[in-house]
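Read through the structure below, which is laid out as structure tokens, and then see the notes.
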């Protein structure tokens, strides 16, 4: 079944009809049509382009992969590219799913790169706000962008939680340096990718809110402002998390350096303590006469010197917190 919908006078009038019927419905000036193309071929897009009068450059962008999130304006329509994101909490890897949208005065065409983009969640948002359906294409575009931006916000929240877990590991008594470094690297990569997706959405929402596009009416305007506010918060949050990850990495290296200094002090202290018996036994091991040479008293004197100096060094190092 095709993913299609027809709204007439702000009410859902039909859905699941063949895409070929869209042109018949669009002949009605009161009709607003949405249909979805999942993994379409260039021939599919060409057929749609001829029927809706889409610009060749927009069709070319819909075919090409890894486009930047953007909004392009053409004479008869606008073209929007956005990305749904999902964070794999186990690996810290961020997954993206691209969606393109052709927006005409009375039609919205979504083009998905893969089935990973959850178009059903977009439908649930439309069904959850039937009172806004009278806004036409603006209502459909709002549901799409609202879902996309919410995935950005959820990913930022999850990344924040993961980074807080890294903070807790910084001063752990039993640090796992290798795991922490790998985790920090993965989260930093995810933040860079998320920033690349989130940052252009400000321009997209700014462009949509322009009155000369005639996409947003007064009824749905506050809802687009709410989405724009979420975009700003997600952008600022992403920037602060990037700085925080960098700080965590620097702090981790500093903590490791401090731990290494403590270990070096401990090793040096024990080496100094061990050096005392070595020096005393070496002195009394000479093949020349010395005080107590050939007598039992010499053994006791050397043992007393060895014990007193070693204990004295140990007490001194403990007071300085070197041991």
Would you call residue 144 touching a strand residue (DSSP E or B) at 6+ places or on another chain (Cβ under 8 Å), in contact (Cβ under 8 Å) with a residue 12 or more places away in the chain, part of a helix (DSSP H, G or I) and closer than 26 Å to residue 192 by Cα?
yes
Assess whether residue 45 counts as being farther than 29 Å from residue 235 by Cα, in contact with a strand residue (DSSP E or B) (Cβ under 9 Å, 6 or more places away or on another chain) and in contact (Cβ under 8 Å) with a residue 60 or more places away in the chain.
yes
Yes or no: the range 177-186 includes at least one residue that is within 11 Å of the chain's Cα centre (by Cα) and at pLDDT 85 or above.
yes
For the range 120-134 the number of residues that are more than 19 Å from residue 9 (Cβ to Cβ) and in contact with a helix residue (DSSP H, G or I) (Cβ under 7 Å, 6 or more places away or on another chain) is 3
For the subset of the range 68-125 comprising residues that are outside any loop (DSSP other than H, G, I, E, B) and out of contact with any strand residue (DSSP E or B) (no Cβ under 7 Å at 6 or more places or on another chain), which member is surrounded by the most Cβ atoms within 10 Å (Cβ to Cβ)?
122
How many residues of the range 27-53 are touching a helix residue (DSSP H, G or I) at 6+ places or on another chain (Cβ under 7 Å) and either crowded, with 19+ Cβ neighbours inside 10 Å or closer than 17 Å to residue 106 by Cβ (or both)? The answer is 10
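Yes/no per residue for (1) closer than 11 Å to residue 149 by Cβ; (2) free of Cβ contacts under 8 Å to residues at least 12 places away in the same chain; (3) in the same structural domain as residue 145 (by TED's automatic domain parsing):
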residue: 213; (1), (2), (3): no, no, yes
residue: 222; (1), (2), (3): no, yes, yes
residue: 225; (1), (2), (3): no, no, yes
residue: 230; (1), (2), (3): yes, no, yes
residue: 234; (1), (2), (3): yes, no, yes
residue: 240; (1), (2), (3): no, yes, yes
residue: 244; (1), (2), (3): no, no, yes
residue: 247; (1), (2), (3): no, yes, yes
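Here's the yes/no breakdown for (1) under 21 Å from the mean Cα position of the chain (by Cα); (2) closer than 24 Å to residue 14 by Cα; (3) not assigned by TED's automatic domain parsing to the domain that holds residue 192:
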position	(1), (2), (3)
40	no, yes, no
43	no, no, no
73	no, no, no
77	no, yes, no
86	yes, no, no
98	yes, no, no
109	no, yes, no
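The values are calculated or read from the model by the stated rules, or taken from the named source; none is laboratory data. Owing to the predicted nature of the structure, the values given are computational and were not obtained by experimental measurement. Cβ sites come from the backbone with ideal geometry, for glycine too, and all protein chains shown count toward neighbours.
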